[in-house]
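A short worksheet on the structure shown next.
The values are calculated or read from the model by the stated rules, or taken from the named source; none is laboratory data. Because the structure is predicted, anything quoted here is derived from the model rather than measured. For neighbour counting, all protein chains shown are included, and Cβ atoms are generated from backbone atoms with ideal geometry for every residue, glycine included. Protein only, heavy atoms only, side chains kept; ligands, DNA and RNA dropped before computing areas. Shrake-Rupley method; radii C 1.70, N 1.55, O 1.52, S 1.80 Å.
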Amino acid sequence: MDSKRREKTNYYLDIAESVLKRGTCLRRNYGAIIVKHDEIISTGYTGAPRGRENCIDLGFCIREKLEVPRGTQYELCRSVHAEANAIISASRKDMIGSDLYLVGVEKGTLKYVQNANSCSMCKRLIINAGIDRVIIRDSIENYRIIEVAEWIENDDSLSSQSGY
């Protein structure tokens, strides 16, 4: 057994990666956890709203059928995104000043989603939740830290930016 202790950021990203395994999307699954003062506040993964059938149960993805490119027309998607599900499950007072850890995996290849980022709708939720930073896994050891204040300052709703 390796005696080297896992550094904390990758420890939380590992947990978010475990959460994504509950995802029900046929294209890519994400897992998110919200952490404040080294305490996990909530978790979320990609899946249809409660009570609705998931894409894996239906056997198809409407966005895939329509060949919708990544980062566009999320209104066609059945899923609630991982970040949104994590935010829904937490109290705003607990999220103020927290970090959101995000990991995405391509369903077909099981590789990490390249250049993963929150979509514009999730960015708005993250901003309003009071979350300070989003940490996104790029590889098993590498990640990016995004200061949410940058999203406020560089308002992507005024241009066309892709997310998932």
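If I ask for residues that are part of a loop (DSSP other than H, G, I, E, B) and within 28 Å of Asn142 (Cβ to Cβ), which ones from the range 65-95 would you list?
Hits for the range 65-95 are Pro69, Arg70, Gly71, Thr72, Cys77, Ser79, His81, Ser89, Ala90.
Would you pick out the residues in the range 115-153 that are touching a Lys or Arg at 6+ places or on another chain (Cβ under 7 Å) and hydroxyl-bearing (Ser, Thr, Tyr)?
Matches in the range 115-153: Tyr143 only.
Got a sec? Which of Ser162, Ser120 is at pLDDT below 95 and within 13 Å of the chain's Cα centre (by Cα)?
The unique qualifying residue is Ser120.
How many of the residues in the range 98-156 are of a type in the set (A, V, I, L, M, F, W, C), surrounded by fewer than 17 Cβ atoms within 10 Å (Cβ to Cβ) and in contact with a strand residue (DSSP E or B) (Cβ under 6 Å, 6 or more places away or on another chain)?
1
Considering the range 19-74 alone, what residues qualify as being closer than 18 Å to Ile88 by Cα, open to solvent by less than 50 Å² (accessible area, probe 1.4 Å) and without any contact (Cβ under 8 Å) to a residue 40 or more places away in the chain?
Once the filter is applied, which keeps residues that are closer than 18 Å to Ile88 by Cα, open to solvent by less than 50 Å² (accessible area, probe 1.4 Å) and without any contact (Cβ under 8 Å) to a residue 40 or more places away in the chain, the range 19-74 yields Thr46, Gly47, Ala48, Pro49.
Looking at the range 76-97, which of its residues are under 17 Å from Gly31 (Cα atoms), open to solvent by 70 Å² or more (accessible area, probe 1.4 Å) and aliphatic (A, V, I, L, M)?
Hit for the range 76-97 is Ile88, nothing else.
Rundown of residues vs (1) among the aromatic types (Phe, Trp, Tyr); (2) under 25 Å from Glu147 (Cα atoms), yes/no style:
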position: Asn54; (1), (2): no, no
position: Gly59; (1), (2): no, no
position: Ile62; (1), (2): no, no
position: Gly71; (1), (2): no, yes
position: Tyr74; (1), (2): yes, yes
position: His81; (1), (2): no, yes
position: Thr109; (1), (2): no, no
position: Tyr112; (1), (2): yes, yes
position: Asn115; (1), (2): no, yes
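Between a residue in the range 114-127 that is among the basic types (Lys, Arg) and any residue that is modelled with pLDDT of 95 or more, which pairs come within a Cβ distance under 6 Å, given they are 6 or more apart or on different chains?
Qualifying pairs under 6 Å: Lys123/Trp151.
For Asp132, which of the numbered conditions (1) charged (D, E, K, R); (2) under 24 Å from Tyr143 (Cα atoms); (3) out of contact with any helix residue (DSSP H, G or I) (no Cβ under 8 Å at 6 or more places or on another chain) fails to hold?
Of everything listed in (1) charged (D, E, K, R); (2) under 24 Å from Tyr143 (Cα atoms); (3) out of contact with any helix residue (DSSP H, G or I) (no Cβ under 8 Å at 6 or more places or on another chain), Asp132 misses just condition (3).
Got at least one residue in the range 7-25 being β-branched (Val, Ile, Thr), under 15 Å from the mean Cα position of the chain (by Cα) and part of a helix (DSSP H, G or I)?
Yes - at least one qualifying residue is present in the range 7-25.
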